[in-house]
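Enquirer: To start, I am sharing the structure in question, which I have written as structure tokens.
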Amino acid sequence: MLGIIRVLTHDDRQFVEEHGRLIQREYGIVSLSRCIPDQRKGIYDDASQILAVPKIVALGQALQAEGCSALFLSCAADPGLAELRRAVTIPIISAGSASASVAAMLKRPAAVMGIGADAPLPFKQLLGESVIYARPEGVFNTTDLLTPQGRESALSCADTLYRQGAQVIAFSCTGFSTIALADSIRQHLGKIAIDAVSAAGLFISQLAPR
């Protein structure tokens with residue numbers, strides 16, 4: 001079974017399990033989703049990431065102890081990935097590295113879209129330090145995306161990046177998966193967008209943690 005680490009604290013099980021449902025729908029992989037505690041706005045800056053890392057490690061260890069054969073770190077900044085890999089003995093796929101890797105493999109002009117002040121490190125490592133980056137107007141954390149205004153702003157931001165010359169947009173926030181932004185982009189703009197959860201599922205499927 002796949003263990004999914006959500007970095008946004010939420011009381012609604014349907015919300016917590018959403019990324020697991022996306023992966024099961026696309027790849028047939030059964031999962032167990034848990035969220036770290038006391039991060040009601042998720043990870044959106046350096047301070048919130050520092051707070052989250054020990055919680056991520058502890059949750060990863062707990063999921064392994066419960067019998068999970070692989071872990072998915074569902075945050076595109078890859079927070080605590082190195083620490084988590086030292087703390088467990090099962091494979092780990094993280095959303096950021098997966099999204100950036102798929103974008104790099106396409107070898108097309110790429111841009112990154114997220115909710116932080118800058119593109120997270122895995123995207124700069126794989127797509128270049130100068131990769132074009134944008135954040136939707138008025139969006140500063142994951143919960144901002146869950147409003148009609150947040151969804152509209154995200155689609156508008158993507159449209160701007162394509163008009164600036166990007167042929168591919170790699171998402172550096174898994175909140176875009178929650179609002180199905182890649183589907184909206186394909187439907188309304190007819191362009192290519194890399195959903196971080198879907199990209200991670202592709203790599204996870206090769207591990208076959210069913």
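Enquirer: Please work out which residue is surrounded by the most Cβ atoms within 10 Å (Cβ to Cβ), limiting yourself to the range 75-90 and to residues that are touching a strand residue (DSSP E or B) at 6+ places or on another chain (Cβ under 8 Å) and under 25 Å from residue 138 (Cβ atoms).
Expert: To start, the set of residues in the range 75-90 that are touching a strand residue (DSSP E or B) at 6+ places or on another chain (Cβ under 8 Å) comprises 75-76, 78-81, 84-85, 88, 90.
Applying the additional criterion that residues be under 25 Å from residue 138 (Cβ atoms) yields 75-76, 79.
Values: 75: 29, 76: 35, 79: 26.
For the range 75-90, the residue satisfying everything is 76.
Enquirer: Now, a different point. Taking residue 125 and the conditions (1) in contact (Cβ under 8 Å) with a residue 24 or more places away in the chain; (2) under 21 Å from residue 49 (Cα atoms); (3) touching a helix residue (DSSP H, G or I) at 6+ places or on another chain (Cβ under 6 Å), which numbered condition does it fall short on, given that it satisfies the others?
Expert: (3)
Enquirer: So residue 93 ticks every box in (1) within 25 Å of residue 11 (Cα to Cα); (2) among the β-branched types (Val, Ile, Thr); (3) surrounded by fewer than 23 Cβ atoms within 10 Å (Cβ to Cβ) but one. Which box is left unticked?
Expert: The one condition residue 93 does not meet is (3).
Enquirer: For the range 123-143, what are the residues that are at pLDDT below 95 and of a type outside the set (S, T, N, Q)?
Expert: The answer is 140, and nothing else.
Enquirer: What is the number of the single condition among (1) small (Gly, Ala, Ser); (2) part of a helix (DSSP H, G or I); (3) in contact with a Phe, Trp or Tyr (Cβ under 8 Å, 6 or more places away or on another chain) that residue 158 does not meet?
Expert: The number of the failed condition is (3).
Enquirer: What are the residues in the range 163-205 that are surrounded by 23 or more Cβ atoms within 10 Å (Cβ to Cβ) and in a loop (DSSP other than H, G, I, E, B), if any?
Expert: Once the filter is applied, which keeps residues that are surrounded by 23 or more Cβ atoms within 10 Å (Cβ to Cβ) and in a loop (DSSP other than H, G, I, E, B), the range 163-205 yields 166, 172, 173, 174, 195.
A quick yes/no check of all residues on (1) over 25 Å from residue 29 (Cα atoms); (2) touching a helix residue (DSSP H, G or I) at 6+ places or on another chain (Cβ under 6 Å):
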position	(1), (2)
121	yes, no
133	yes, no
172	no, yes
183	no, no
207	no, no
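Enquirer: Within the range 132-150, count every residue that is touching a residue at least 12 places away in the same chain (Cβ under 8 Å) and more than 18 Å from residue 10 (Cβ to Cβ).
Expert: So the count comes out to 7.
Enquirer: Let me ask something else. Is it the case, given these coordinates, that residue 144 is under 24 Å from residue 94 (Cβ atoms) and assigned by TED's automatic domain parsing to the domain that holds residue 180?
Expert: Criteria met by residue 144.
Enquirer: Condition (residue is under 21 Å from residue 16 (Cβ atoms) and modelled with pLDDT under 95) applied to the range 146-169: is it met by at least one residue?
Expert: Yes.
Enquirer: For the range 82-101, give me the residue count where each residue is within 13 Å of the chain's Cα centre (by Cα) and either hydrophobic (A, V, I, L, M, F, W, C) or closer than 21 Å to residue 59 by Cα (or both).
Expert: 7
Enquirer: So how many residues does the range 22-71 have that are among the aliphatic types (A, V, I, L, M), more than 25 Å from residue 121 (Cα to Cα) and touching a strand residue (DSSP E or B) at 6+ places or on another chain (Cβ under 6 Å)?
Expert: Summing the residues that are among the aliphatic types (A, V, I, L, M), more than 25 Å from residue 121 (Cα to Cα) and touching a strand residue (DSSP E or B) at 6+ places or on another chain (Cβ under 6 Å) in the range 22-71 gives 3.
The values are calculated or read from the model by the stated rules, or taken from the named source; none is laboratory data. As the structure is a computational prediction, the values presented were derived from the model and not from experiment. Counting neighbours? That spans all protein chains shown, and the Cβs are built from the backbone with ideal geometry, glycine included.
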